[in-house]
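In what follows, a structure is listed as structure tokens, so that the remarks can point back to it.
What follows draws every value from the coordinates through simple rules; no lab data is involved. Just so we're clear, the structure is a prediction, and the values are computed from it rather than from any experiment. Every residue, glycine as well, gets a Cβ built from its backbone with ideal geometry; the counts of neighbours run over all protein chains shown.
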Amino acid sequence: MRRALTGDRGSVPTEPHLTRPRIALTAFFAMDGFLFAGWVVRIPAIKAQTGAGAGALGLALLGVSAGAVAFMMIAGRLCRRFGSPLVTVAAAAALSLSIVLPPLTRSATALGLVLLVFGAAYGALNVAMNSAAVALIGALRRPVMPGFHAAFSLGGMLGAGLGGLLAGGLSATVHLLVLAVIGLLVTVVAGRALCRHPVPEVPERLPAPEGDRPGNGRAGRARRLVLVFGLIALCTAYGEGAMADWGALHLSQDLGAGPGTAAAGYAVFALAMTVGRLSGTAVVQRFGAARALIAGGTTATAGMLLGALAPTAWWACAGFAVAGLGLANIFPIALARAGETGGPDGVAVASTVGYGGMLLGPPAIGFVAEAAGLPAALTTVALLAALAAGIAYATRGSHTGRT
């Protein structure tokens, strides 16, 4: 498990029977990013349609957070009972169907209610996919976690790019209906492969003997480290969520960008994250996890300060790209470190905490924007990225020699 999750240099041949589930999981990660990006680039149009202010929109977006957090806990139990492949397929279908609901609303209240459904499907899918990925990584004994997250980022880039092309000439309702059809097709094809070739269980699991009670020092330290890595993931996922829901609005509302340019902001952010994650394993192997986390947090801080405070849309896009490079590998590294420390359960805890930051960040940005303006609100992303770098520096001893 340690070698698989953290990227030790040892090489183990890929077994042929694992190729199809790996491809299927990659498709689900990409579809997840594609659908989510398609929704977020239409937020300005849906905001105008509902007539919601920044505060009301923030409350409506809280529906995504509430639904996702609630179903993340339920999804973990469903995965244990029915298996992560089946839950992945069911959640992907629900996400594809629910994406057509937001443009049908005409008030912030109705938007918040349908986003509860959308968020529940999104949260369940992410827990199920990551659970399946952990099992597959353990079977492959190869550090492929950054590749799955790169697929999510690539899907986000494609979804945002398509949204930019369609935003000026296609209504949000038709656009999201097209995305729903694409999502269902991917679910049918990839789901068939994933269920016919189920992801094997991880053979090694960290032991949980009877002596590992709350008073046990080693077990307590492991739990604390898992929470630390979860906090690092939360700090950076906050930035991903903020960029997804508020980046396009910042460009259009504060900097006067057109629909295409506004969508390009999230597209360059997603592209930068994709490039960063595709090179993530090599970066960690060369510089180590601690240095990668610290450098990533510092880079993201600088990029988000530029993106939030730049005087023009194109300078803001440049800042978003730098921020994307900085944030790219922090979340996957944090998951890998949590997995090494606490096994699959550690990955589950850290991913739930981390996705909480992605989902709770956007409404928090909305509340700050209502009081101080959206540019000032986006600087909180830089603040939390700096906090992640600081935490990684303070806990650098736990990374030494392990990644």
Could you calculate, for region 93-158, the ratio of the Cα radius of gyration to the Kirkwood radius, expressed as Rg to Rh? 1.13
Can you tell me which of 113-120, 308-315 comes out highest on packing, and rank the rest after it, using the mean Cβ neighbours within 10 Å? 113-120, 308-315
If packing is taken as the average count of other Cβ atoms within 10 Å, what order do 81-92, 160-171, 233-244 fall into, highest mean first? 233-244, 81-92, 160-171
For region 77-129, compute the orientation-averaged projected area of the C-alpha convex hull (one quarter of its surface), in nm². 3.5 nm²
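So what is the calculated 222 nm ellipticity per residue for the chain, using -39500 (n - 2.57) for each DSSP H run with n of 4 or more, over all residues, to the nearest 500 deg cm²/dmol? Provide the component values of the computation, followed by the final result.
On the way: 15 runs with 321 residues, N = 403.
That comes out to -27500 deg cm²/dmol.
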Distance between modelled label sites at Val181 and Ala394, nm, 7 Å Cα→Cβ extension: 5.2 nm
So how strong a dipole does region 256-403 carry about its Cα centre when Lys and Arg Cβ are +1 and Asp and Glu Cβ are -1, to the nearest 20 debye? 420 debye
Rg(Cα)/(2.2 N^0.38 Å) for the chain, N = residue count: 0.92
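Work out, step by step, the length gained on full extension between Glu370 and Gln285: first 0.36 nm times the residue separation, then minus their alpha carbon distance; give nm to one decimal.
26.3 nm
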Using Cα-Cα distances under 8 Å and only pairs 6 or more residues apart, what relative contact order does region 244-403 have, in percent? 30 percent
Treating the beta-carbon of each Lys and Arg as +1 and of each Asp and Glu as -1, no other charges, what is the dipole magnitude of region 220-311 about its Cα centre, to the nearest 20 debye? 640 debye
Check every DSSP H run in the chain and write down those whose alpha carbon atoms cover 24 angstrom or more along the long axis and whose mean Kyte-Doolittle hydropathy is -0.5 or greater. 19-40, 54-82, 108-140, 145-167, 172-196, 217-249, 259-278, 289-309, 330-372, 374-394
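Calculate the FRET efficiency for Ala302 and Arg192 from the Cβ-Cβ distance with a Förster distance of 60 Å, rounded to the nearest 0.05.
0.85
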